[in-house]
Every structure is written in C-alpha cells, then in structure tokens.
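A short worksheet on the structure shown next.
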Amino acid sequence: GKRASMQSVAQVVMEQGLNPGKQRWALRTHLVQFVCLVNELGPVYDVLEKNNLSIGTLNRIIRRCSHEQPSDEWPRLTSDGSFVSRFLVRNCDSYLPRKRPSPEGEANEDPVRECPLREPLHATLNHTQLSARAPRWVWDPEIYRTKRWENANIVGDILGREKDLGRFKTFTQGQPHVSMVTPRWRRQDLNEWDHTPRDAMEYRPGVVWVNSEVWAAPAGKDTGWHYDYDSHVILFQVKGSRRFRVQEPQSGALEWEPLEEPFKQPIDYGTRWAKARSDVGERTYDTRPGSVMRVPNGWPHKVEYRERSIGFRVASWTQCQALSMWLGQRLCLLTTRLGAPRLCFDDEGYREHGRYIALERGEAAVGV
C-alpha cells in the first residue's frame, strides 16, 4: 500500500523475506522504474554521450522514476530507435564508431589507447614503452616467476588496483577521475532487487570505471567464439603465447547461440557465443611476452592458449558506457526473468544481424 510505496524495493524484500509474490512485485517495480530511467535519458543523450550529464539532472530523473509503480501492462520503452541503438546496442557509439576527434587539447597519437577503436591492434612493446603505458604488474614476467604462478589456472578480477591503473592515460579515455568501486553490473554478490534507480547516482560525469582481470591457464585452453560489450579493453601478454582469432562483425562466418535465460548468467551481459561456419575473412594474431592486443567492441573472437600463459585484461567505461552496461543489464535480466517482452539489446540479432541499422533508420520497432 502507501507505506510500501514509500520504501525501497530492497527494504521490502528484506523485511518480507523472499516470498515469491513479494519478490515478483519488487522486480516488476524495478522494471517499471528502470524503463522510465532509460526513457528519461533519451532527451539528454547528446550530453550523456560526452560524459557530461550532471548529477543534478541525473538526480531529477531518478526522483521522477522512483515514484513509478507497476500496472496491469508491461512498461513501454521509448520508440526512439536511434537513441536505443546508440546508447544500448552500440554502447554509446563505441561499436563500429564514427571517426571522432581526440579529447579537447589532447592529440591522441598513441594507437594503444585509441578510443574508440575501429580495427584490431597488435603491437610488441619494449619495457620502456610498456612502463610508460601501464603499471609493471600487468606486463612484467619477472613478477610471475614464483611457484604460485608455475601451474596457475586462474581467471578472475584484480580488485583494489583502480588508482594505480588510473595513473595511466592508456586506460582513462580522457576522463579526469577514476572510480574506486567495482561497476555494479560486474558485482556477483548483488541480487537483482539490490539494484535500484538511486544507484545511478554512482555514474558521475568525468569519471571512468576501470576493471582488471588476470588470465592464467595451461596450453590447450580455448575461449570459444564470442563477442563482448567492451568499449575500451587492452590485453597484455606477460608469459607464454596465445593466438587471437578475430572476425569482423556481421561476417556470416559464425553461427550464434541464442541465450534463452540471461538472468541465470548476469555477469555475461554483453557476451554472446557462437560456433564457426568457416574461417573466411579470419584475422590471426599471435601474442608473446611484451605483446599488447586490442579487439574492438563487438568484434567476434576466440583465444587459444598455445602454451602455458599469463596475461592481463584491463577494461574501462565512461559515464555513458557504464550507464549503458548497467541499465542494459537491468532491462534484459528483469524482462526475461518476469516473462515480459524481451529487452536484451546485447542479443546477436542487433549487432551480428544488423538490426541496429534498422533501429537507427526507424525501420524497426524497439524491443520486438
């Protein structure tokens, strides 16, 4: 009733326990509020894409949407296909980007930190070049000669190093501040009802979120073909060798596997998996210690471990890209969990089958 509407959904769920009816009410309320939040961002998208959406504007949008409550009908996402495509499908135009100037006053002559990236990049750098671009622990093999790393088989986040990474322009995408917290869409300790519109206040202008992962595995590991929603990612080869096999988007060389229940794999938002039909047009890059590899946002690829290997992956997201990931994840997980009309803009149909083009031309309905 009135009292419940004044509380946060998370509070109600905590007080009432995990009663299925209350849980479903909580998730429906969140869906209504997150759809509202996305719709309200449409008119200010040009400012958001520049990562300059003010906290005041964001707060006003959140306050309006936090009062929204479920009705008998599912909430409707905006019919502005161009906005939905640019924001949610193309992750703030970082997928197949247009040519853009570098941030004001900054000539970007370093292809390692080019943003947005338009073609795959593989470079081998010496220690001087590497030390100017990244902290030593992401590239120096001498650090990993201990017994702990001899037979390591680890894939996982490296937490608490955000400030260290933020000292290097390689990772900051021209933003002046680095967040010290893990992006909410990557947190596996949160239940779906723990995400609320108020959390959007974390995504401040001029801030970049940085995440690092270590990938240590024996020869023979194979990631399989997939694409990711990674707007700005740099891969460092520390020890061993890996082969990156890369296809251009929409190549037709891959058979994509639909993900029916994404709410069971929330951390995989933005990733879709495929099997190869052919290797026509495939590009191959072999990394060695000192190699830096970059795969553009949305380009299908697979990684084969040619020998025991240690490498690091460093990703970053601006205000716009972070909101795109978090809100896109919310729409996808909530609609599929509730049985509402599916709003998963990371589905292969949008990128690999080119539906984003139809959205931007106004030739396709949103969310159908």
Q | Arg86 among the charged types (D, E, K, R), more than 17 Å from Asn211 (Cα to Cα) and surrounded by 17 or more Cβ atoms within 10 Å (Cβ to Cβ) | A | yes
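Is it the case that some residue within the range 183-194 is at pLDDT 95 or above and either closer than 24 Å to Asn52 by Cβ or over 17 Å from the mean Cα position of the chain (by Cα) (or both)? Steps first, please.
Narrowing the range 183-194 to residues at pLDDT 95 or above: none.
Taking every residue of the range 183-194 in turn, none turns out to be at pLDDT 95 or above and either closer than 24 Å to Asn52 by Cβ or over 17 Å from the mean Cα position of the chain (by Cα) (or both).
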**Q.** Where Trp185 falls short, out of the listed (1) crowded, with 22+ Cβ neighbours inside 10 Å; (2) under 27 Å from Asp140 (Cβ atoms)
**A.** (2)
Q) In the range 269-284, how many residues are farther than 24 Å from Arg90 by Cβ and of a type in the set (Ser, Thr, Tyr)? A) 2
Q: Report, by residue number, each residue of the range 238-295 that is within 19 Å of Val112 (Cα to Cα), aliphatic (A, V, I, L, M) and in a strand (DSSP E or B).
A: Val238, Val246, Val292, Met293
Q: Collect the residues in the range 51-66 that are open to solvent by 20 Å² or more (accessible area, probe 1.4 Å) and in contact (Cβ under 8 Å) with a residue 12 or more places away in the chain, keeping them in residue-number order.
A: Asn52, Ser54, Ile55, Thr57, Asn59, Arg64, Ser66
Q.
Looking at the range 293-304, I want the residues that are touching a residue at least 12 places away in the same chain (Cβ under 8 Å) and have a partner that is part of a loop (DSSP other than H, G, I, E, B) and basic (Lys, Arg) with Cβ atoms under 7 Å, at least 6 apart or on another chain. Which pairs are those?
A. Pro296/Arg118
Q: Give the residues of the range 225-241 that are of a type outside the set (A, V, I, L, M, F, W, C), open to solvent by 10 Å² or more (accessible area, probe 1.4 Å) and either closer than 19 Å to Leu96 by Cβ or out of contact with any Pro (no Cβ under 6 Å at 6 or more places or on another chain) (or both), sorted by residue number.
A: His226, Asp228, Asp230, Gly240
Q) What single numbered condition from (1) free of Cβ contacts under 8 Å to residues at least 12 places away in the same chain; (2) under 17 Å from the mean Cα position of the chain (by Cα) fails to hold for Lys264? A) (2)
Q) Out of curiosity, is Arg313 under 27 Å from Ala26 (Cα atoms), under 22 Å from the mean Cα position of the chain (by Cα), at pLDDT 95 or above and open to solvent by 10 Å² or more (accessible area, probe 1.4 Å)? A) no
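Find the helices (runs of 4 or more DSSP H) located wholly in the range 105-176 whose residues include 1 or more that are open to solvent by less than 70 Å² (accessible area, probe 1.4 Å) and out of contact with any Lys or Arg (no Cβ under 9 Å at 6 or more places or on another chain), and list them. Steps first, please.
On the way: elements: 127-131, 147-150, 162-165, 169-172.
Result: 127-131, 162-165.
The values are calculated or read from the model by the stated rules, or taken from the named source; none is laboratory data. Predicted model only: the values in this text are computed from it and were never measured. Please note: Cβ atoms are built from the backbone with ideal geometry, for glycine as well, and neighbour counts cover all protein chains shown. With ligands, DNA and RNA removed, areas are computed over all heavy atoms of the protein, side chains included. Shrake-Rupley method; radii C 1.70, N 1.55, O 1.52, S 1.80 Å.
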